[in-house]
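Asks: Sharing a structure, written as structure tokens. Questions coming.
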Amino acid sequence: MDQRKLEEAKEDGSLSYTAVEGTGVPFERPQEKAAATAYGLTSGSARSESLARQVYAQFRRSERKLTTSVRLTQLALLILFFAGWEAASRLQWIDGLLFSSPTRVWGLLVEKTADGTLLVHTWTTVWETIVGFVLGTLLGTSIAALIWYSPFLSRVLDPYIVVLNSLPKVALGPLFIVALGPGMLSIIATTLSITVIITILVVYNSFREVDPNLLKVVRIFGGNRSTIFRKVILPASYPTIVSTLKVNVGLSWVGVIVGEFLVSREGLGYLIIYGFQVFNFTLVIGSVLLIAVVATFMYQAVVYLEGKLTGRNRGGRE
């Protein structure tokens, strides 16, 4: 039946196909597509589109399967680690007084949560870390943009930035304490001393490494330096900026914990120092594990932001 319809379509000339040059794939015009639909025929382009959808759907299924396998493996490794730790402590393969055990740590965290002290210490550290993280990234990116705008300023500041990056940041902590007082300001300043310089170096190098041909195209069309930065430099540097955010998550925690070691009377860093002083290593390990959990949430927030900026989450929503 379909063959007869095809022959009729060829005879009256209402349906004709033209091969796309260089591909051999038939191409149809709108009127030809309507005729093909009327005669119940499937065009080559429609078949190609259907095949592409099938391949993409298969790819998405394989990606979801791989992601599920990765998550399950990660969970299994985590469970295996804590189970091995607990078993080693109970069987006295390790010193339970020094290395504690998951059950002891969990019991201590529940106890500290019940009396409200753990939430206070955790919130203090998280707030200081978020402030240092955000300010460090914004200040570092802004200074990198300012240096990119002014080649003269770049040549002047380049050796100073290199020297500041080589300084031991922890050694600057006492100076911040004397200058800003033993409080949150000195802790945030310690964090900024670690994150800002790294952000400047990485982001500025990313600005400089943008394809110069792209800059020439914008200049040809009359774009000034500000337009080049907004339309080319900054969008092209989004991946590097996000990578810097990921690095700054860890550096911010380092800066805050070091600052709390020196001056704080609240926070997870204070709990670690206090645990060492009273020989309560369960408190020390519990605080470290809590830092790891909160840092993981911050890292996942940066990964989500990366998807928003680069469009990687778009495919997952389709």
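Asks: If you check every pair at least six apart or on different chains, which have Cβ atoms under 8 Å apart with a residue in segment 141-170 that is touching a residue at least 12 places away in the same chain (Cβ under 8 Å) first and a residue that is open to solvent by 80 Å² or more (accessible area, probe 1.4 Å) second?
Replies: Trp148/Arg208; Tyr149/Arg225
Asks: If we only count helices (runs of 4 or more DSSP H) wholly inside segment 4-120, which ones have 1 or more residues that are modelled with pLDDT of 90 or more and either open to solvent by less than 60 Å² (accessible area, probe 1.4 Å) or small (Gly, Ala, Ser) (or both)?
Replies: Counting at least 1 such residues, we get 44-90, 102-114.
Asks: For Glu128, indicate whether it is surrounded by 11 or more Cβ atoms within 10 Å (Cβ to Cβ), among the charged types (D, E, K, R) and closer than 27 Å to Leu305 by Cα.
Replies: So Glu128 passes the test.
Asks: I need a count of the residues in segment 212-245 that are open to solvent by 70 Å² or more (accessible area, probe 1.4 Å) and without any contact (Cβ under 8 Å) to a residue 60 or more places away in the chain.
Replies: 11
Asks: Filter segment 241-290 down to the residues that are assigned to a helix (DSSP H, G or I) and charged (D, E, K, R), then identify the one that is nearest to Ile197 (Cα to Cα).
Replies: Lys246
Asks: Further question: Out of curiosity, is Tyr270 open to solvent by 20 Å² or more (accessible area, probe 1.4 Å), at pLDDT 90 or above and either of a type outside the set (Val, Ile, Thr) or more than 28 Å from Leu185 (Cβ to Cβ) (or both)?
Replies: Spelling it out, Tyr270 is indeed open to solvent by 20 Å² or more (accessible area, probe 1.4 Å), at pLDDT 90 or above and either of a type outside the set (Val, Ile, Thr) or more than 28 Å from Leu185 (Cβ to Cβ) (or both).
The values are calculated or read from the model by the stated rules, or taken from the named source; none is laboratory data. Values in this document were obtained by computation on a predicted structure and should not be read as measured data. Positions of Cβ are backbone-derived with ideal geometry, glycine not excepted, and every protein chain shown enters the neighbour counts. What goes into the accessible areas is simple: the full protein's heavy atoms, side chains included, and nothing from ligands, DNA or RNA. Shrake-Rupley method; radii C 1.70, N 1.55, O 1.52, S 1.80 Å.
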